[in-house]
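> First, the structure itself, so that you have it in front of you.
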Amino acid sequence: MPVSQVRIAAGDLFPEVSIVILNWNGKLFLQQFLPSVLNSSYPRKRIIIADNGSTDDSVAFLKLHFPSVEILESPVNEGYAKGYNTALKQIQSDYYVLLNSDIEVTPGWIESIISLMQMNTKIAACQPKILSYTSKDSFEYAGASGGWIDSLGYPFARGRVFDTCEKDTGQYDDARPCFWASGAALFIRPDCFFSVGGFDEYFFAHQEEIDLCWRLQRAGYCIYVQPASTVYHVGGGTLPKENKLKTYLNFRNNLVMLCKNYPVTQKGWKIFIRLVLDGVSAIKFLADGHSNGFFAVLKAHRHFFYWLFFKKKSKNKPGRQQPDKAVKYNGLIVWDYFIAKKRTFSEITASKK
């Protein structure tokens, strides 16, 4: 099918929503969590599994136990970024929901977000409140109640700063703009997604949704969180937190993202500071006995410079450039967290926004 060019009428109560789950050897997660997705009350939904070259029996399992689910098969693992780009080009819909396979959804999780996006056509992407599946009264690392970024490009979230995940007491239950919406449960308009070129496939996985949301804001759109919708995320289902590949991808991709999106007047000096701070992180990995982390950071820097000087630059840039009015935190999260010992989002952002 061709890429969707559908424009949603404000009065359309139930636009079509395609829930697209990218799967790689995730049979156990599909078995556990797909029933909650199938039971979603939203009337005009499609559920599509985009299989990313799985080597387990995920596809055979789906065909046997969930015959109503649509399946798109790729012969190889293309990663999160290219895997979704490939799949979404084949899906025509009014809205996409990019959903991780390790997420349990709750009743009404679709309706409140679609209602918000229908009322405000400037919202290109939106996420629900993401809580931990294993500790359901706590925010989960990958997005919490809306993603933010500081003045040096460090990502954090409303309810999660570095490794500190807050308890959810309703303190972040207001729908509001944020800087990035989590790729674990990302609602997005197809025309917006494709107008900025989709995900940067060089990223493979990790922080590609932050880069996408930054480009969307530079193109004049806004990003939201709608906590009236709640999902529970296992987290680390594909790459555990301590995995050296995850460390490498996070450090490399963050530098590439900053280089792509910072204005020329800020790019050089801010990336230099980040390289220095990354070096400090690498030394800390080594001091703590995590040599894999140390070498992952060095590899990330080496490959960043390769990308900078030799790699063909990505073409997925905003089609209509706007002044950067993205929702950012103007302080330094590293200073606030490690030096000032502020641990919660509300403490950190109380004076600077």
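> Using beta carbons and a limit of 9 Å, which pairs, at least six apart or on different chains, have the first residue in region 92-114 and within 15 Å of residue 48 (Cα to Cα) and the second one acidic (Asp, Glu) and not in a strand (DSSP E or B)?
What qualifies is 92/16; 93/16; 94/12; 94/16; 95/16; 98/209.
> Quick one: which of 58, 93, 68 is buried (at least 22 other Cβ atoms within 10 Å of the Cβ), at pLDDT 95 or above and more than 26 Å from residue 224 (Cβ to Cβ)?
Just one listed residue meets the conditions, 58.
> On to the next question. Across region 261-289, what is the total count of residues that are free of Cβ contacts under 8 Å to residues at least 40 places away in the same chain and either in a helix (DSSP H, G or I) or β-branched (Val, Ile, Thr) (or both)?
20
> In addition: Any residue in region 243-260 that is outside any helix (DSSP H, G or I) and at positive phi?
No, every residue in region 243-260 fails to be outside any helix (DSSP H, G or I) and at positive phi.
Here is a yes/no grid of residues against (1) assigned to a strand (DSSP E or B); (2) of a type in the set (D, E, K, R); (3) in contact with a helix residue (DSSP H, G or I) (Cβ under 8 Å, 6 or more places away or on another chain); (4) closer than 17 Å to residue 34 by Cα:
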| site | (1), (2), (3), (4) |
| --- | --- |
| 51 | yes, yes, yes, yes |
| 59 | no, no, no, yes |
| 63 | no, yes, no, yes |
| 76 | no, no, no, no |
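> Anything in region 311-353 that is charged (D, E, K, R) and at pLDDT below 90? List them, or say none.
Of everything in region 311-353, those that are charged (D, E, K, R) and at pLDDT below 90 turn out to be 311, 312, 313, 315, 317, 320, 324, 325, 328, 352, 353.
> Moving on to the next point. Kindly provide the set of residues from region 22-48 that are under 17 Å from residue 230 (Cα atoms) and either surrounded by fewer than 19 Cβ atoms within 10 Å (Cβ to Cβ) or not polar (S, T, N, Q) (or both), ordered by number.
33, 34, 35, 36, 37, 38, 39, 41, 42
> Determine, yes or no, whether residue 43 is more than 22 Å from residue 85 (Cα to Cα), modelled with pLDDT of 95 or more, not charged (D, E, K, R) and not in a helix (DSSP H, G or I).
The answer is yes for residue 43.
> Also: Going through region 180-201 one residue at a time, which ones are among the aromatic types (Phe, Trp, Tyr) and under 20 Å from residue 100 (Cα atoms)?
Scanning region 180-201 gives 180, 187, 193, 199.
So that you can scan it fast, the table gives a plain yes or no per residue for (1) surrounded by fewer than 19 Cβ atoms within 10 Å (Cβ to Cβ); (2) in contact with a helix residue (DSSP H, G or I) (Cβ under 6 Å, 6 or more places away or on another chain):
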residue: 217; (1), (2): no, no
residue: 233; (1), (2): no, no
residue: 252; (1), (2): no, yes
residue: 255; (1), (2): no, yes
residue: 263; (1), (2): yes, no
residue: 270; (1), (2): yes, no
residue: 275; (1), (2): yes, no
residue: 300; (1), (2): no, yes
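The values are calculated or read from the model by the stated rules, or taken from the named source; none is laboratory data. Predicted model only: the values in this text are computed from it and were never measured. Positions of Cβ are backbone-derived with ideal geometry, glycine not excepted, and every protein chain shown enters the neighbour counts.
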